[in-house]
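The values are calculated or read from the model by the stated rules, or taken from the named source; none is laboratory data. This structure is a prediction, so every number in the text was calculated from the model and none was measured. Don't worry about glycine lacking a Cβ; one is built from the backbone with ideal geometry, like all the others, and counts go over all protein chains shown. Accessible surface areas use protein heavy atoms only, side chains included; no ligands, DNA or RNA. Shrake-Rupley method; radii C 1.70, N 1.55, O 1.52, S 1.80 Å.
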Amino acid sequence: MADPIEVRKVPLNHVSDASGLDDLITSGVMEADRVIAVIGKTEGNGGVNDYTRIIADRAFRDVLRKHGVDEEQVKGVPIVWSGGTDGVISPHATIFATLDPAKAEKTDEPRLTVGFAMSEHLLPEEIGYMSMVDKVADAVKVAMERAGITDPKDVHYVQTKTPLLTIHTIRDAHSRGKEVWTEHTHESMDLSNGVTGLGIAKALGEVTELTDADIMKDRSKYSSVASCSSGVELDQAQVVVVGNARGIGGRYRIGHSVMNHALDADGIWAAIKDAGLDLPERAHRDDIKGRLVNVFLKCEASQNGQVLGRRNAMLDDSDVHWHRQIKSCVGGVTATVTGDPAVFVSVSAAHQGPEGGGPVAAIVDLGAGEPTGYQAP
């Protein structure tokens, strides 16, 4: 049986700030060698050359080293950074750690569980094709097993980090006589995310019929729990599966829903309620009362250039890429719901949630005593 989970959100006061993790360990909230995953937002440009992700990654791993965690274990902790805190989105990290079962609240109700895995090595010529879908799907199944989840319906959030294409990796493919799906490195970010979303959908049975021709074309095929990011940091799919299991105990529970469009605040509320928080029918952020740990969203500019029937110019804007604009928009909508600008909103949601919308996952604190989530001053 998987161990219960402790999860906390901490702010990043600057790009290399890992003091929040250090404080959690020093104060005894978490044990350093029990930290199993970190998912966060950094304040870079969110693009191919966003090296804030690498800086933040190093800072958090250095804290684990400082507290005596074995080097191989430090290297193996999945740390997923999504670059770009456009608009009001505040840089932060959500830290997951296992908890000694003897210290966990006892309950037979579903409670948070986490599993992680790394896929087989991904070649640049596989990005955009079924071979990558299959490797991601295999890794998702391993992560589910490690989380103690047997029913895909108990999976509410799958966060991944995968490689995108760079000039270097494109040249590598060409040197071996291979072609790549695209030679536009920024486009390859959307591509890598989309393929990974389909890999998650395949693993969880959300999609059954799938071919190379569907990739980035048939947007009706998607995962409602996938949150996929890509970058230059690795050459495998890094997979974190988050769901619920009975009998493990703990304070926290996760739920999910989808936003059907960029302004769909009801989709965010639905995810919070699905996680188990008792709220009024028309809830307000003041009703949360510190019981929300964090929400995790993907967003996408609708391909028809509209939201709720009104035209926008995001896809035609040559000055500010639509990635930045839609992220800022959805970040503002989300913070209005949660009352906390430190929300995980990531762009490029191909095959992740409905077209023009995206998936939403919410982790809530259902434990006794003082809630562990953020309460605005």
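Aspartates and glutamates within cross-link reach of Lys178: Cα-Cα under 16 Å, excluding same-chain residues under 8 positions apart?
Glu125, Glu126
Return the lysines within reach of Lys9: Cα separation strictly under 21 angstrom, same-chain partners fewer than 8 residues apart disregarded; answer none if there are no such residues.
The reachable lysines, counting only those whose Cα sits under 21 Å from Lys9, are Lys41, Lys66, Lys103, Lys161, Lys273, Lys289, Lys298, Lys327.
Roughly how many whole Å is it from the C-alpha centroid of the range 294-343 to that of the range 98-167?
26
How much of the accessible area of the range 173-236, probe 1.4 Å, is carbon plus sulfur, in whole percent?
44
Output ³J(HN,Hα) for the range 203-208: one whole-Hz value per residue in order, computed from phi by the Karplus curve 6.51 cos²θ - 1.76 cosθ + 1.60 with θ = phi - 60°, and x for Gly and Pro.
Per-residue couplings from phi come out as 4, 9, x, 6, 10, 10 Hz.
By its C-alpha gyration tensor, with a ≥ b ≥ c as the square roots of the eigenvalues, how is the range 200-333 shaped: rounded for a/c under 1.5, else prolate for a/b larger than b/c, else oblate?
Oblate is the answer for the range 200-333, as a/c is 1.5 or above yet b/c matches or exceeds a/b.
So how do Arg253, Arg282, Arg146, Arg324 rank on accessible area, 1.4 Å probe, biggest first, that is with the largest at the start?
Per-residue accessible area, sorted high to low, gives Arg282, Arg146, Arg324, Arg253.
Quick check: with the 1.4 Å probe, what order do Trp269, Trp81 take by accessible area, largest first?
Trp269, Trp81
To the nearest 20 debye, what charge dipole does the range 185-227 have about its Cα centre, counting +1 at the Cβ of each Lys and Arg and -1 at the Cβ of each Asp and Glu?
100
From the phi of every residue in the range 87-98, what ³J(HN,Hα) in whole Hz does the Karplus formula 6.51 cos²θ - 1.76 cosθ + 1.60 yield, where θ is phi - 60° and glycine or proline is x?
Using θ = phi - 60°, the values come out as x, 8, 4, 9, x, 6, 9, 9, 10, 10, 9, 6 Hz.
How large is ³J(HN,Hα) for each residue in the range 227-232, as worked out from phi by the Karplus curve 6.51 cos²θ - 1.76 cosθ + 1.60 (θ = phi - 60°), to whole Hz, x for Gly and Pro?
9, 10, 10, 9, x, 9
Would you kindly find the accessible area of Glu206, with a 1.4 Å probe and non-protein molecules such as ligands, DNA and RNA excluded, rounding to the nearest 10 Å²?
So the heavy atoms of Glu206 present about 70 Å² to solvent.
For Arg310 paired with Asp33, estimate the spin-label separation in nm (one decimal), with each label point 7 Å from Cα along the Cα-to-Cβ line.
Output for this residue pair reads 5.7 nm.
Show the residues, 5+ positions off or on another chain, whose built amide H is closer than 5 Å to the amide H of Val258.
Amide H to amide H, under 5 Å and 5 or more residues apart or across chains, Val258 pairs with Val360.
Just check the range 1-107 against the gyration tensor rule for me: Cα atoms, a ≥ b ≥ c as the square roots of the eigenvalues, rounded for a/c under 1.5, and otherwise prolate or oblate depending on whether a/b exceeds b/c.
Cα axes put the range 1-107 in the prolate bin.
Out of residues 5 or more away from Thr42 or on other chains, whose amide H comes under 5 Å of its own, with H placed 1.01 Å from N in the peptide plane?
Answer set, sorted by chain and number: Ser82, Gly83, Gly84.
Tell me, what is the 1.4 Å probe accessible area of Met130, in Å² to the nearest 10?
The value for Met130 is about 30 Å².
Cα atoms only, the range 132-273: Rg and Dmax in Å?
16.6, 53
Amide H to amide H under 5 Å from Ser90: which residues, 5+ apart in sequence or cross-chain, H placed 1.01 Å off N in plane?
Result for Ser90 returns Ala342, Val343.
Pull out a ≥ b ≥ c, the square roots of the eigenvalues of the alpha-carbon gyration tensor of the range 212-275, then state rounded if a/c is under 1.5, prolate if not and a/b is larger than b/c, and oblate in the remaining case.
Note, shape of the range 212-275 comes out oblate.
Pick the calculated P(r) over Cα pairs in 20 Å bins from 0, in percent for this structure from (i) 27, 56, 16, 0; (ii) 31, 61, 8, 0; (iii) 25, 55, 20, 0?
(ii)
Using helices alone, what [θ] at 222 nm do you get for the chain, with -39,500 (n - 2.57) per DSSP H run of 4 or more residues, divided over all residues and rounded to the nearest 500?
My calculation for the chain gives -8500 deg cm²/dmol from helical runs alone.
Under a crude label model (7 Å from the Cα following the beta-carbon direction), how far is Ser220 from Glu145 in nanometres?
Distance between label points: 3.5 nm.
Rounded to the nearest 10 Å², what accessible area does Lys141 show when all protein chains are kept and the probe is 1.4 Å?
Counting only protein heavy atoms, the figure is 110 Å².
Provide the percentage of antiparallel DSSP beta bridges, counting only those with both residues in the chain; round to the nearest 5.
In the chain, DSSP labels about 70 percent of beta bridges as antiparallel.
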